[in-house]
Amino acid sequence: MLLAALLMGCATTQSSYRDGWFTRGVELEGPTGTGSVTVRYRAGAPGGDWERGPAPPGDFSLYSSRLGTTLYADTSCGKRYHDAPLTVLANHLTMGFEEVSIREATELELADRAALERLADGSLDGVPVTLALAVVKKGPCVFDLVMIGSPSHRDESVAAFREFRDGLVAEINP
């Protein structure tokens, strides 16, 4: 439980993406002292024409030009970590979208932790989009997996998202 006690004040250090793994060092500081952990994670490979894309706003992303869909993964660790309910964390992922309508919400397990998946429709700057997202908390991090795509390829994009989601492996090492 030293990890939980150290979460009071934390900083995220250098990160990298190599061989499909995103790695980040997290410096921890709290009332019981200081320490650090290495967070390393990857998501599943959806196959097909997916290519690595630009990461912002996440840690890494994939893009399918055929589907007009982006998959991305992001972590909020250390000072960016918020110990809020999964429903609240999922709500944050739809901020900035308009007319969001949740079609489905499912509780599941990812990376050996409770997770929440939502499928939704909405718009971004007036353009209709379909969304899929999953959030999970593990160690000093919240892991977000997100899909933003064209409604015309919803089923195929959601299937790819679920391959991406189901392949989530997260390791927290001292």
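For region 35-45: of the residues being closer than 18 Å to G149 by Cβ and modelled with pLDDT of 95 or more, which is surrounded by the most Cβ atoms within 10 Å (Cβ to Cβ)?
Kept after step one, since they are closer than 18 Å to G149 by Cβ, are these residues of region 35-45: 43-45.
Still in the running and modelled with pLDDT of 95 or more: 43-44.
Details: A43: 26, G44: 18.
So the residue we want is A43.
Of all residues in region 1-34, how many are at pLDDT 50 or above, touching a Pro at 6+ places or on another chain (Cβ under 9 Å) and surrounded by fewer than 17 Cβ atoms within 10 Å (Cβ to Cβ)? Give the derivation first.
Start the filter on region 1-34 by keeping residues that are at pLDDT 50 or above, which leaves 13-34.
Those still in the list that are touching a Pro at 6+ places or on another chain (Cβ under 9 Å) too: 26, 28.
Imposing the further condition that a residue be surrounded by fewer than 17 Cβ atoms within 10 Å (Cβ to Cβ) reduces the set to none.
Summing the residues that are at pLDDT 50 or above, touching a Pro at 6+ places or on another chain (Cβ under 9 Å) and surrounded by fewer than 17 Cβ atoms within 10 Å (Cβ to Cβ) in region 1-34 gives 0.
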Based on what the data block shows, is A159 surrounded by fewer than 20 Cβ atoms within 10 Å (Cβ to Cβ) and part of a helix (DSSP H, G or I)?
yes
Filter region 90-142 down to the residues that are buried (at least 16 other Cβ atoms within 10 Å of the Cβ), within 24 Å of Y41 (Cβ to Cβ) and of a type in the set (D, E, K, R) and list them by number.
E117, R118, K137, K138
What pairs can you find where one residue is in region 14-27 and at negative phi and in contact (Cβ under 8 Å) with a residue 40 or more places away in the chain, the other is of a type in the set (K, R) and surrounded by 14 or more Cβ atoms within 10 Å (Cβ to Cβ), and their Cβ atoms are less than 6 Å apart, with a gap of 6+ or different chains?
S15/R24
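Tell me the strands (runs of 3 or more DSSP E) entirely within region 40-148 that contain at least 3 residues that are closer than 16 Å to A159 by Cα. Quick ask: steps written out before the conclusion?
On the way: elements: 51-53, 60-64, 69-77, 98-110, 113-124, 127-138.
Hits in region 40-148: 60-64, 69-77, 98-110, 113-124, 127-138.
Every residue in region 58-88 that is hydroxyl-bearing (S, T, Y), surrounded by 15 or more Cβ atoms within 10 Å (Cβ to Cβ) and more than 23 Å from D166 (Cβ to Cβ), please. Can you show your working first?
Within region 58-88, the first condition is being hydroxyl-bearing (S, T, Y), and the residues that meet it are 61, 63-65, 69-70, 72, 75-76, 81, 87.
Those still in the list that are surrounded by 15 or more Cβ atoms within 10 Å (Cβ to Cβ) too: 61, 63-64, 69-70, 72, 75-76, 81.
Of everything in region 58-88, just one residue is hydroxyl-bearing (S, T, Y), surrounded by 15 or more Cβ atoms within 10 Å (Cβ to Cβ) and more than 23 Å from D166 (Cβ to Cβ), namely Y81.
The values are calculated or read from the model by the stated rules, or taken from the named source; none is laboratory data. These numbers were taken from a predicted model, which means no experiment stands behind them. All Cβ positions, glycine included, derive from the backbone under ideal geometry; neighbour counts span all protein chains shown.
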